[in-house]
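Written out below as structure tokens is the structure these notes cover.
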Amino acid sequence: MMGIELILLFPLLGIFLIWITKNSKVVSLIALLSSLLSFLIALSYYLNFDRTKQDFQFLSSYEWISAWKLNFTLGFDHINAPFVLLTTFITVVVILLAIKTVRDKIASFMAFLLLLSLSVNAFFMSTNFLQFFFFYEAMLIPSVLLIQRWGGDNSSQAAMKFLIYTFGFSIFLFIAIIAVYYYGGGFSFSYLESLKMNKPTKLLLLFGFILAFFVKIPVVPFHGWLKDAYYESPMPVTIFLSAVLGKMGIYGILRVITYFNDVLSSVNFWIMLLCLISFIYSAFLALKAKDIKVIFAYMSLSHVGIITAGAFTGNLHGYQGVLLQSINHGILAAGLFYIAELLNRDTKSFDSEKFGALSKRTPALTFFTFSLIMAMGGFPGLNYFNGELLLLSGIFKENAVLGFLGVFGVALGVVYLAWVFYRVFLRKPACELSQFVKDIVSWEALILCLFFLLSIYLGLNPDFILSGVREIVSLGGKG
Amino acid sequence: MSQYHYLIPEITLLTLGILSFCYGFMRRESKTVWIFSFLSILIPIILSLFYFTENEFSSGLIKIDPYRQFLKVLIYLSGLFVLILSYESFRKSSKSVEYIFLLILALCGMAIMIFANDLLILYLSLETFSLSLYILAAFYRNERFSIEAGLKYFILGTLSSILLLASIVYFYALTGSSSYDAFRLINRGEFSMLIGFIFLIASFAFKLSLSPFHAWAPDVYQGAPTPVTAFLSTAPKVAVFAALLNIFLEIHSGIKLNEFITVISILSMFVGNLLALRQKDLKRMFAYSSIAHAGYMFMAFLLPNHALLSSLIPYLVVYVFMNIGAFAFILGIKEGEKISSYFGIGKNAPLFAFSIVAILFSLTGIPPTAGFMVKFNLFKNVLASGYGELVFFALFMSILSAFYYLRIVFYIYRDTPLFQTQQNGRLNYTIAFFSALFLLTLGVFPNLILI
């Protein structure tokens, strides 16, 4: 009887079929179908899982390493289920986009994309640390090759930077996991509860996790790989990087942080300060940038800063805010990068100075851009507002000064997005590149419509993600 | 008479080897000789599996138990693969018969070295295979580099033999016996025993190309014919590691050599990984990479007995297949030791490119390849014994290794339509593919290898 592993098996089947058929039309269809099936299965499991229970559900287990008494086990719970749903959804969108935009070597592009989505999903669904680490690193192979083979002129350098940062800092995760194995008794997540160590050691363990995950998210002093990797990648990969891969780090923090509530209160001010500085600093970077793709890359970097800060508040609001906002951020960042690709498609340029007054030529595109930017700015009724409210209230509960920093960053976020909208869509009637931009056609409108409707739906019904999260957090103690 | 049946595979190997040598010597008909010698390695492998015993057999001179038999099969397998890899390079050579015979002789010496339970047998078997390897390294008689490689290997190898003899003398003086069993009798605090062990490890470190005894490795690896380099970097290392393992299991970690081992492995990892960064020649790069890998494996000797076995043996298996695979792809394309030959393989030969990528990621230690699993296993065990700083350093070094391994991957997927890759033989190609497949399978199902 097949269970939850179908989410992984359909992409695997898709990769196999792509391998044996070479016809580019069929390949796109196979990729789309397999990712769609995987999304639908994830959705059906998501809607059916019991939100009153705290443990992993729909467990499906295979014997893996008997010498360490370790099984390969996949499962769903409150924390990882939304992330799996996000990943499968973004995969479908990215494949739709890639069918239209990727010109050469489409078969291997699709195969690598499915492989990436597969390993990220397996990462989210894993129930023990070894499996978690295994897929945390395994996802590097497809992503590095995607950046390098289909990227821009400096793609090799960007891919190498991305690889070295992630692979390099994963040694801290490696050591932390082995420490959990020896102090806790096994690789399963639940062994974090029974750690037999004193407080300074536990703090060191926490820092091991934080260092590894902060590079993946990334938070500012560790963000060196971000601009190159986002800028050099082809747009489908950029969307995947920003919407899903950054969430891997956030998910990792969410997974472990509740077990560290007893030591967290002594350091959380400084960690949150770092995250908020990242939030504001990258907002300034975005303000200064002229290139649309770079602006959106820094926007993505900026927002994950405040999301990460929420995880360290140690209270329920912050925690819920992180979960909700990660999903919201994934959807909206994907939408905005998608718009950047639409601008780039006919003009081959991301320079915001060369566009202008698009609102007359392309009313539909203007409408969707403006709604997504409004959503990102925290317009009430759209999805980002709820998450921002939860995050800010969580931070304010912990420390008022940090709360003010957060509000300041949110305000800055509105400024640069409005600024880019003004420059591209409103001012300077006769700009050189604007005349080449065509308005969106049916299927593009469909995708943007999907993003917008999702934004409205999650804005009105955040319980779709949040219901039942209360019990999990109260586990830790402070909550 | 009955005790001989434990050695039937080795006797068969030697007999069949001599027979095929005589046949080849008289007829000089190369194709038949290749098939015949292929069979004379394959049959002992099948026989070893057939005669595999769980119980331990020990005479004064040799000892046979499950893990030794396993490592012996590993050596035979690597010999078999090297023979297949040699076919393209040596089939037109007039000396191919001699080449094969030397290979089989070396395999035989290594098998005996693994079974040895006496220091003199150890010395004899070490010399048996070393002498064959010296000649093999200098096999291209008309090339300057090959002669240089053979000579360098010979001179430094002799030095290591002298060190081994010195350590045997020390042990004999202490115990009055050359058997491994006598190690138990030694008074542990004895200073001359410490000297004896340091000589022993130094002599083996030459063969394992551990730093600071590594100076010969890059030149020999570069100068020797590529199939011989593949052989040099796998089989002798397994044999010498196995011999060291036997001795360490016998003394029951009753001796304090931890600082010495730590220093050697740190130096090897450092030198290997750092100098590999700047290499233009891939064979030279793999020499440094094998120095680094030997450094990782040498850390296992800090562990107690069971952990030592369960971390070293899986690593050795995977290491052999990674290196055979690596040299298979170097042989698989024309001028494979130049990095510029790798341009655009991704487009011309996607399956071959896939094998290269899998092998290189495995060497770096990134999942889902077997290289990750064995590295994780080893580092986990070493960390558990309380060598946190050492493991941290090793991890840092293995990140450095990503630079030089993955540089090749980036060359593979760079598009240059002008450039046609010159492929060199279907056999090499197949071996690379199979070792890649093997590494991926072990990476996804680590249960097959982790004990």
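Structural remarks
- The set of residues from the range A:177-190 being within 11 Å of chain B (Cβ to nearest Cβ) and open to solvent by less than 30 Å² (accessible area, probe 1.4 Å) comprises A:Ile177, A:Ile178, A:Ala179, A:Phe187.
- Residue match in the range B:140-161 (condition: open to solvent by 20 Å² or more (accessible area, probe 1.4 Å), in contact with a Ser or Thr (Cβ under 7 Å, 6 or more places away or on another chain) and of a type outside the set (Phe, Trp, Tyr)): no
- Residues within the range A:1-50 that are closer than 15 Å to A:Thr88 by Cα and assigned to a loop (DSSP other than H, G, I, E, B), tallied: 2
- Search result, residues across the range B:69-92 that are surrounded by fewer than 22 Cβ atoms within 10 Å (Cβ to Cβ) and either small (Gly, Ala, Ser) or touching a strand residue (DSSP E or B) at 6+ places or on another chain (Cβ under 8 Å) (or both): B:Ser89
- Complete set of residues in the range B:258-280 that are in contact with a helix residue (DSSP H, G or I) (Cβ under 6 Å, 6 or more places away or on another chain) and not in a helix (DSSP H, G or I): B:Leu277, B:Gln279
- If the condition is being without any contact (Cβ under 8 Å) to a residue 40 or more places away in the chain and either assigned to a loop (DSSP other than H, G, I, E, B) or loosely packed, with under 14 Cβ neighbours inside 10 Å (or both), then the range A:191-203 contributes A:Ser194, A:Lys196, A:Met197, A:Asn198, A:Pro200.
- Within the option set A:Lys202, A:Lys216, A:Lys161, A:Lys227, being under 26 Å from A:Gln54 (Cα atoms) and away from chain B (no Cβ under 11 Å) holds for one residue only, A:Lys202.
- Members of the range B:167-177 found to be farther than 14 Å from B:Leu126 by Cβ and either small (Gly, Ala, Ser) or open to solvent by 10 Å² or more (accessible area, probe 1.4 Å) (or both), listed by number: B:Val169, B:Tyr170, B:Tyr172, B:Ala173, B:Leu174, B:Thr175, B:Gly176, B:Ser177
- Matching residues in the range B:34-59 - criterion: being of a type in the set (Gly, Ala, Ser) and open to solvent by less than 50 Å² (accessible area, probe 1.4 Å): B:Ser37, B:Ser40, B:Ser48, B:Ser59
- The range B:423-448 - residue that is open to solvent by 20 Å² or more (accessible area, probe 1.4 Å) and over 30 Å from B:Lys334 (Cα atoms) and, of those, nearest to the other protein chains (Cβ to nearest Cβ): B:Asn447
- Of all residues making up the range B:7-33, the number that are more than 14 Å from B:Ser94 (Cα to Cα), crowded, with 18+ Cβ neighbours inside 10 Å and aromatic (Phe, Trp, Tyr): 0
- Here the condition is being buried (at least 20 other Cβ atoms within 10 Å of the Cβ), of a type in the set (Ser, Thr, Tyr) and within 14 Å of B:Ile247 (Cβ to Cβ); of B:Ser209, B:Ser203, it holds for B:Ser203 alone.
- Qualifying residue in the range A:334-353 (condition: without any contact (Cβ under 8 Å) to a residue 24 or more places away in the chain and surrounded by fewer than 21 Cβ atoms within 10 Å (Cβ to Cβ)): yes
- Listing of helices (runs of 4 or more DSSP H) fully contained in the range B:332-408 that carry 1 or more residues being open to solvent by 10 Å² or more (accessible area, probe 1.4 Å) and aliphatic (A, V, I, L, M): B:350-364, B:370-384
- Only listed residue being open to solvent by less than 10 Å² (accessible area, probe 1.4 Å), within 25 Å of B:Val228 (Cβ to Cβ), away from every other protein chain (no Cβ under 12 Å) and in a helix (DSSP H, G or I), chosen from B:Phe329, B:Phe321: B:Phe329
- Any pair with Cβ under 9 angstrom, 6 or more apart, that starts in the range A:165-185 at a residue that is in a helix (DSSP H, G or I) and ends at one that is among the polar types (S, T, N, Q) and open to solvent by 40 Å² or more (accessible area, probe 1.4 Å): A:Ala179/A:Thr201; A:Tyr183/A:Ser194; A:Tyr183/A:Thr201; A:Gly184/A:Ser190; A:Gly184/A:Ser194
- Being farther than 17 Å from B:Cys108 by Cα, modelled with pLDDT under 90, out of contact with any His (no Cβ under 6 Å at 6 or more places or on another chain) and in a helix (DSSP H, G or I) is a condition met by at least one residue of the range B:43-61.
- The one condition from (1) touching a Pro at 6+ places or on another chain (Cβ under 9 Å); (2) away from every other protein chain (no Cβ under 14 Å) that A:Trp64 does not meet is (2).
- With respect to the stated conditions, B:Phe231 fails to be within 25 Å of the chain's Cα centre (by Cα), surrounded by fewer than 19 Cβ atoms within 10 Å (Cβ to Cβ) and within 30 Å of B:Ile431 (Cα to Cα).
- Within the range B:20-30, the set of residues being in a helix (DSSP H, G or I) and touching a residue at least 12 places away in the same chain (Cβ under 8 Å) comprises B:Ser20, B:Phe21, B:Tyr23, B:Gly24, B:Phe25, B:Ser30.
- Matching residues in the range A:102-153 - criterion: being away from every other protein chain (no Cβ under 11 Å), out of contact with any helix residue (DSSP H, G or I) (no Cβ under 6 Å at 6 or more places or on another chain) and open to solvent by 20 Å² or more (accessible area, probe 1.4 Å): A:Arg103, A:Asp153
- Restricting A:Phe72, A:Phe39, A:Phe83 to residues that are in contact (Cβ under 8 Å) with a residue 60 or more places away in the chain and either within 14 Å of another protein chain (Cβ to nearest Cβ) or crowded, with 21+ Cβ neighbours inside 10 Å (or both) narrows the list to A:Phe83.
- All positions within the range B:190-212 that are of a type outside the set (A, V, I, L, M, F, W, C) and either at positive phi or under 13 Å from the mean Cα position of the chain (by Cα) (or both): B:Lys207, B:Ser209
- Here A:Ile373 clears all of (1) of a type in the set (Val, Ile, Thr); (2) open to solvent by 10 Å² or more (accessible area, probe 1.4 Å); (3) more than 22 Å from A:Tyr457 (Cβ to Cβ) except the condition numbered (3).
The values are calculated or read from the model by the stated rules, or taken from the named source; none is laboratory data. From a predicted model like this one, the values you see are computed outputs, not experimental measurements. With ideal geometry, Cβ positions are generated from the backbone for all residues, glycine too; neighbour counts draw on all protein chains shown. For accessibility, only protein heavy atoms count, side chains too; no ligands or nucleic acids. Shrake-Rupley method; radii C 1.70, N 1.55, O 1.52, S 1.80 Å.
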